[in-house]
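Asks: Have a look at the structure that comes next, please.
The values are calculated or read from the model by the stated rules, or taken from the named source; none is laboratory data. No experiment lies behind these values; they were computed from the predicted model shown. Here the Cβ is made from the backbone with ideal geometry for all residues, glycine too, and neighbour counts use every protein chain on show. Accessible surface is based on the protein model in full, side chains and every heavy atom, while ligands, DNA and RNA are left aside. Shrake-Rupley method; radii C 1.70, N 1.55, O 1.52, S 1.80 Å.
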Amino acid sequence: MHTQRFTALRRRATPALKSAGKFIIINAVTYAPGGLAGWAVKSVARRPLRLLLAAALEPLLSKAFKRLSARFIRENDEKIAK
């Protein structure tokens, strides 16, 4: 009896958890690179290095986050190669 309840609960909770996970990943990809780059720029004292970080760090972090998130979020029509 307990196993049946757990199975039913898990079956109902899975879509909600999947949607929440996608929401978290999409927001991390959108906002994290700018926040991390801003923190790095604020913590550096030398002006030339700050300008270099401001110009280069956010695009690099954005690309890295997109690659990481591509592992977790797939479109419905995408298939994994075997």
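Asks: Between 72, 23, which is surrounded by 10 or more Cβ atoms within 10 Å (Cβ to Cβ), out of contact with any Leu (no Cβ under 6 Å at 6 or more places or on another chain) and at pLDDT below 75?
Replies: 72
Asks: So the check is Cβ under 6 Å with 6+ separation or different chains; which pairs have a first residue in the stretch 4-30 that's part of a helix (DSSP H, G or I) and a second one that's of a type in the set (Ser, Thr, Tyr)?
Replies: Pairs that qualify, where the first residue is part of a helix (DSSP H, G or I) and the partner is of a type in the set (Ser, Thr, Tyr), are 25/69; 29/69.
Asks: Now for a different question. Residues that are part of a helix (DSSP H, G or I), of a type in the set (A, V, I, L, M, F, W, C), at pLDDT 80 or above and open to solvent by less than 100 Å² (accessible area, probe 1.4 Å): does the stretch 34-51 have at least one?
Replies: Scanning the stretch 34-51 turns up at least one residue that is part of a helix (DSSP H, G or I), of a type in the set (A, V, I, L, M, F, W, C), at pLDDT 80 or above and open to solvent by less than 100 Å² (accessible area, probe 1.4 Å).
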